[in-house]
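The values are calculated or read from the model by the stated rules, or taken from the named source; none is laboratory data. Note that the structure is a prediction, hence the values are computed from the model and not measured. Counting neighbours? That spans all protein chains shown, and the Cβs are built from the backbone with ideal geometry, glycine included. With ligands, DNA and RNA removed, areas are computed over all heavy atoms of the protein, side chains included. Shrake-Rupley method; radii C 1.70, N 1.55, O 1.52, S 1.80 Å.
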Amino acid sequence: MNDARKALREDLAPAAVIEDVNPRVDGGRFAVKRVLGEAIDVTADGFSHGHEKVACELRYRGPGDEAWRAIPMHSLGNDRWQASFTLDRLGLWQYRVACWIDHLATWREDFARRIDPEDLRLAAKIGAELVALSAKGAKGAERDRLSALARQMSEEQEPATLRGLAHDESLFALARAHAPRDGAFETGPFPAIVERERARFSTWYELFPRSAGTAPGAHGTFVDVEERLDEIAAMGFNVVYLPPIHPIGRTKRKGRNNVPIGNDRDVGSPWGIGAKEGGHTAIHAALGTLADFKHLLRSARLRRMEIAMDIAFQVTPDHPWVKEHPDWFRRRPDGSIQYAENPPKKYEDIYPIDFDTRDWRALWQALHDVVAFWAREGVEIFRIDNPHTKPFAFWEWLIGEIRREHPNAIFLSEAFTRPRVMHRLAKLGFSQSYTYFTWRVTKTELTEYFTELAQEDSREYFRPNCWPNTPDILPYHLQSAPLSMFRIRLLLAATLAANYGIYGPAYELGENRPRDATSEEYLDSEKYEVKHWNRKRADSLAPFIAKVNAIRNAHAALQSDWSLAFHPTDNDQLLCYSKREGGDRILVVVNLDPHRVQAGWLALDLAALGLVEDAAFVVHDELNGERYTWRGARNFVMLDPARAPAHVFAIEA
């Protein structure tokens with residue numbers, strides 16, 4: 001690796017061409033995403049007119065670097081070039097491609113075709129002039145070697161000796177390294193954002209702190225959450241996500257099951273943020289103090305876990321901002337502040353923020369200060385509520401500003417909305433994104449969607465985080481469903497995606513009761529009341545969840561997304577796919593039918609698995625410990641959802 005010290009010549013017109021540089025997002029408008037220690041493999045088309053050969057170089061620099069480092073790109077044939085570099089620091093990186101006429105390579109190829117001795121000697125003199133130009137760009141011993149080579153090529157008469165000089169690879173490489181870069185062209189820089197590993201691989205567990213208490217009806221605290229950390233860690237989760245922890249408004253507070261007006265005993269929704277006690281930088285007194293919260297953060301870190309915080313930029317009528325900044329809210333014709341609506345739904349307890357306010361600079365700064373406050377207190381993962389309802393430019397600015405001071409910050413976009421909107425949010429800086437997995441159920445739906453996520457160009461910026469359920473969403477296929485369906489959906493999320501999460505106790509205990517037949521809302525939703533979950537129930541899914549997460553934590557193949565490959569089956573209720581990382585290979589077969597035994601033949605893509613045609617190999621089922629010897633692509637499976645919904649095979653060949 002050398003410093004990119006050789007300037008491109010500006011005294012000659014550009015002649016080289018660079019096209020189709022990859023990876024890049026929207027022509028370089030947005031950054032590609034990687035995590036610490038990964039590489040960026042850059043390819044580009046580089047060529048010129050006529051028969052002139054070209055050379056290409058990859059240049060890159062990391063956060064805080066002034067100088068560009070440079071490495072040569074290698075020809076892949078057909079004018080395609082490739083090189084890669086490793087990312088060893090968090091933050092914003094840049095890379096670019098340079099291409100120029102390689103006169104020495106052009107001359108050498110032409111020289112090799114010459115036969116007549118006189119013709120050969122004349123061509124050698126032309127080559128000597130090119131080498132002499134290289135000598136002018138060199139220093140010290142390298143300059144002396146190239147000057148000597150130029151003289152020898154100019155004076156030597158023996159064809160065999162001249163051919164030997166032209167084929168001296170070390171001298172030729174030295175001459176090319178110092179040759180003028182005629183007709184050079186260089187692309188503008190392309191950005192890459194480098195985050196820590198948890199942006200690529202994370203396992204989320206969502207719980208309401210107020211429901212973490214040990215006694216029925218008792219309001220839970222941060223101390224109670226801390227008492228649960230070992231239990232959650234034992235299930236294999238590394239991120240504990242808490243809904244908003246701020247004071248809850250009292251004016252028009254919702255009652256249980258989203259009743260429009262609650263009573264004095266109702267605790268309200270945590271997303272109803274703001275009361276006389278404070279707003280987005282205050283803590284609900286019943287949960288504890290800031291010191292208690294920071295102790296929880298430290299306790300999680302000791303267990304190699306993190307606390308993710310919910311950022312919901314909305315307020316209740318009691319929030320201090322309503323009086324302090326009335327211009328930040330939209331007014332109705334009668335002069336009252338417009339509450340949130342999604343007809344026919346009404347949220348009278350919530351005031352959305354008006355981002356069209358003329359006081360938008362102060363508003364943006366105040367919202368930035370909220371995130372910065374919690375980042376300074378030690379929070380490094382933020383789940384952003386409904387970011388698609390706020391301007392794109394705001395998020396791009398806020399995330400960039402926070403990352404400048406807190407490069408470890410990870411942002412999850414909770415935007416269940418139109419595809420282009422979700423993708424725009426991912427492009428402008430969100431580390432991870434909620435997905436449509438929650439509603440993708442059939443073999444065709446899952447195959448098409450995850451092929452898009454893992455193999456299309458959008459994977460450069462869109463990192464999926466898959467959730468089978470959320471406090472807002474009890475999808476129809478889980479309503480009144482058996483526990484086998486809960487096992488199926490969890491295993492799919494955990495093995496199809498490197499990032500996934502569950503809405504905790506509700507999923508462990510197979511909570512499947514909708515508020516009504518046409519709703520995805522839970523009956524007796526925890527959003528509106530303190531719940532007491534009997535986590536000791538004999539039918540708890542906790543042991544199964546722990547097993548699946550242990551497999552994820554043990555296998556590097558399941559800790560990234562890009563290697564995902566689907567394999568055909570002759571039964572539409574059997575979904576088969578694999579992932580690889582080096583020598584670690586995982587093959588998953590899932591019975592999508594929660595009620596019946598399903599059987600069928602697999603047609604494995606042996607090349608995708610790194611297996612030799614017709615060779616025997618051993619598959620070890622990590623769920624039940626069984627081993628089978630298979631041979632070739634065609635193999636039979638049978639899965640009973642009452643016993644195990646899937647095989648998760650480690651290939652031991």
Quiz item: So Leu564 fits all but one of (1) touching a Pro at 6+ places or on another chain (Cβ under 9 Å); (2) under 28 Å from Glu452 (Cα atoms); what number is the exception?
Solution: (1)
Quiz item: What single numbered condition from (1) in contact with a Lys or Arg (Cβ under 8 Å, 6 or more places away or on another chain); (2) part of a helix (DSSP H, G or I); (3) open to solvent by 50 Å² or more (accessible area, probe 1.4 Å); (4) not acidic (Asp, Glu) fails to hold for Ser154?
Solution: (3)
Quiz item: Can you find a residue in segment 303-311 that is touching a residue at least 60 places away in the same chain (Cβ under 8 Å), among the acidic types (Asp, Glu), open to solvent by less than 60 Å² (accessible area, probe 1.4 Å) and closer than 12 Å to Pro244 by Cβ?
Solution: yes
Practice problem: Return the pairs, sorted by first residue and then second, in which the second residue is hydroxyl-bearing (Ser, Thr, Tyr), the first residue lies in segment 47-66 and is open to solvent by less than 60 Å² (accessible area, probe 1.4 Å), the beta carbons are less than 6 Å apart, and the residues are 6+ apart or on different chains. | Solution: Val54/Ser48; Tyr60/Tyr95
Quiz item: When you scan segment 16-32, how many residues do you find that are aliphatic (A, V, I, L, M), outside any strand (DSSP E or B) and closer than 21 Å to Ser560 by Cβ?
Solution: 1
Practice problem: Could you tell me whether any residue of segment 33-44 is modelled with pLDDT of 95 or more, assigned to a strand (DSSP E or B), exposed (fewer than 14 other Cβ atoms within 10 Å of the Cβ) and over 21 Å from the mean Cα position of the chain (by Cα)? | Solution: no
Self-check item: Residue that is farthest from Pro191 (Cα to Cα) [pool: residues in segment 74-93 that are open to solvent by 50 Å² or more (accessible area, probe 1.4 Å) and touching a Pro at 6+ places or on another chain (Cβ under 8 Å)]
Solution: Arg89
Quiz item: Quick one: how many residues across segment 199-214 are under 9 Å from Val239 (Cα atoms) and among the basic types (Lys, Arg)?
Solution: 0
Quiz item: Tell me, which residue of segment 414-461 that is closer than 23 Å to Trp271 by Cα and of a type in the set (Val, Ile, Thr) is nearest to the chain's Cα centre (by Cα)?
Solution: Thr435
Quiz item: For segment 370-382, how many residues meet the condition of being open to solvent by 50 Å² or more (accessible area, probe 1.4 Å) and either part of a strand (DSSP E or B) or in contact (Cβ under 8 Å) with a residue 40 or more places away in the chain (or both)?
Solution: 1
Exercise. Filter segment 98-123 for residues that are aliphatic (A, V, I, L, M) and modelled with pLDDT under 90 and give the result.
Key: Ala112, Ile115, Leu120, Ala123
Quiz item: Among the residues of segment 157-181, which ones are open to solvent by 50 Å² or more (accessible area, probe 1.4 Å) and basic (Lys, Arg)?
Solution: Arg163, Arg176
Practice problem: Please tell me if Asp356 is surrounded by fewer than 17 Cβ atoms within 10 Å (Cβ to Cβ) and not in a helix (DSSP H, G or I). | Solution: yes
Practice problem: Identify all residues within segment 396-438 that are out of contact with any strand residue (DSSP E or B) (no Cβ under 9 Å at 6 or more places or on another chain) and not in a helix (DSSP H, G or I); write none if there are none. | Solution: His406, Thr417, Arg418
Exercise. State all residues of segment 94-116 that are of a type outside the set (D, E, K, R) and loosely packed, with under 13 Cβ neighbours inside 10 Å; if no residue qualifies, say none.
Key: Ala112, Ile115
Quiz item: Ile71: touching a Cys at 6+ places or on another chain (Cβ under 9 Å) and buried (at least 16 other Cβ atoms within 10 Å of the Cβ), yes or no?
Solution: no
